[in-house]
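Here is the structure we will look at.
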Amino acid sequence: MVTTLDDTKRTAIAKKLADMKEIQKLLIANEQQFLKEVSDNEIRDRIQKMLDDDNKNMGILETVNVQYGIQAEPDKTVSEMVKKVQQLMQGSELNLYEKVFQHELLKHQQVMSGLTIHKAAQKVGADVMMAIGPLNTVNFENRAHQEQLKGILEVLGVRELTGQEADQGIWGRVQDAMAALSGVFGSAVTQSSDKSDMNIQDVIRLDHNKVNTLFTELLASNDPQKIQEYFGQIYKDLTAHAEAEEEVVYPRVRPFYGEGDTQELYDEQAEMKRMLDEIKAIDPSSSQFKDKVRQLMDAVGDHIRQEESTMFAAIRNNLSSEQSEQLATQFKAAKQKIQEKLGKQGAASK
């Protein structure tokens, strides 16, 4: 039986990621509602940019969830809280200042969830750190949004209390705070970008990096149970990755990548699946197990090198940025369905 690494720690992180997706949907709905209620052009522009960022970050969260490989439902209390906040935002009980204030609190919750996941991943495993890497962008932008919302709250609050305009130096202070944050959080790949999602090369490369990390962790371990668990995660990740590529990516690239080169990718993955099933039948404590894993790692390495060199180049030369991002979205959707299927099969076999 294939044992995977979805132990209690990893399942807890999966649930927290699901919570973040649920909150992200609420943030987007709130900002859409604010655009209907705000008449100030400067505030509208800032909220519109925030909404654009949050739509992009929803794509990143979906990528992280699929890359992580363990699907979970959001906590019941989070789902109930989201429904209550939606009712408040759409109702007339709160004025605009109060609604934006609640929104800023949600941004704070999202920031803390993202940072907590990042810190927890450091304790759980290198493959988890690899999988949740893109979350750093979401964490940065949510903190930047908090600073913007503080500025909006000052403007709205002063108007409400005095009927006068606030000092316009607020916006300069907000920009200074955001600039300082960029040095703390590091690379923010979607900030000031027109990308609506990661492109297919980025998403496939994330998968490649994660499986290479898993191979390294497996070969460094001498614990048969952990070795079996690492292999189980490799089995699940490679299977979902391969099936999603064969369903979505290879048919799309075949016309310009070439019949022969595309068929070679299909053939390599068929051999990889055969090797996975062969290793699954071997006792993890035997010396033969790691020997076979090394052979699989070499085969996967050759396959990765072909995809990341010639196939990626063909995609760059033949697909627009928008088409490459659409392909990434389709790949993630297919991969998530496959992961859910594999999860049900694993549960049924226990």
Query raised in the report: Of 252, 205, 159, which has the largest mean-square fluctuation in a 10 Å C-alpha GNM of the chain?
Result: 159
Query - Solvent-accessible heavy-atom area per residue, rounded to whole Å², over the range 1-147 at 1.4 Å - result: 44
**Report entry** Excluding exposed DSSP-loop GluC sites (Glu not before Pro) (at most 10 other C-beta within 10 Å), longest clean stretch of the chain
**Finding:** 166-350
Report task. Name the most mobile residue of 78, 300, 203, meaning the one with the largest mean-square fluctuation, in a Gaussian network model of the chain with Cα contacts below 10 Å. Result -> 78
Query raised in the report: Of the residues 105, 27, 238, which exhibits the maximal mean-square fluctuation in a Gaussian network model of the chain defined by a 10 Å Cα contact cut-off?
Result: 105
**Report entry** FRET efficiency for residue 165 and residue 341, using Cβ-Cβ distance with R0 set to 56 Å, rounded to 0.05
**Finding:** 0.45
Query raised in the report: How long is the range 73-119 along each principal axis, judged by its Cα atoms, biggest number first, in Å?
Result: 39, 22, 9
Query raised in the report: Top to bottom by accessible area (1.4 Å), largest first, where do 36, 84 land?
Result: 36, 84
Report summary line: Output for the range 1-136 (equivalent-ellipsoid semi-axes, sqrt of 5λ from the C-alpha gyration tensor, Å, descending) is 32, 16, 11
Query raised in the report: Where does each of 344, 335, 25, 292 land when they are ordered by accessible area, with a 1.4 Å probe and the largest first?
Result: 344, 25, 292, 335
Report summary line: Per the Kirkwood formula over distinct C-alpha pairs, the hydrodynamic radius of the chain in angstrom is 22.2
Query raised in the report: Within the set 150/332; 9/99; 25/123, which residue pairs have Cα atoms separated by over 30 Å?
Result: 150/332; 9/99
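The values are calculated or read from the model by the stated rules, or taken from the named source; none is laboratory data. Just so you know, these numbers come straight off a predicted model, no measurement behind them. Using ideal geometry, Cβ is built from the backbone for each residue, glycine included, and neighbour counts are taken over all protein chains shown. For the accessible areas, the whole protein counts, side chains as well, though only heavy atoms, and no ligand, DNA or RNA atoms are used. Shrake-Rupley method; radii C 1.70, N 1.55, O 1.52, S 1.80 Å.
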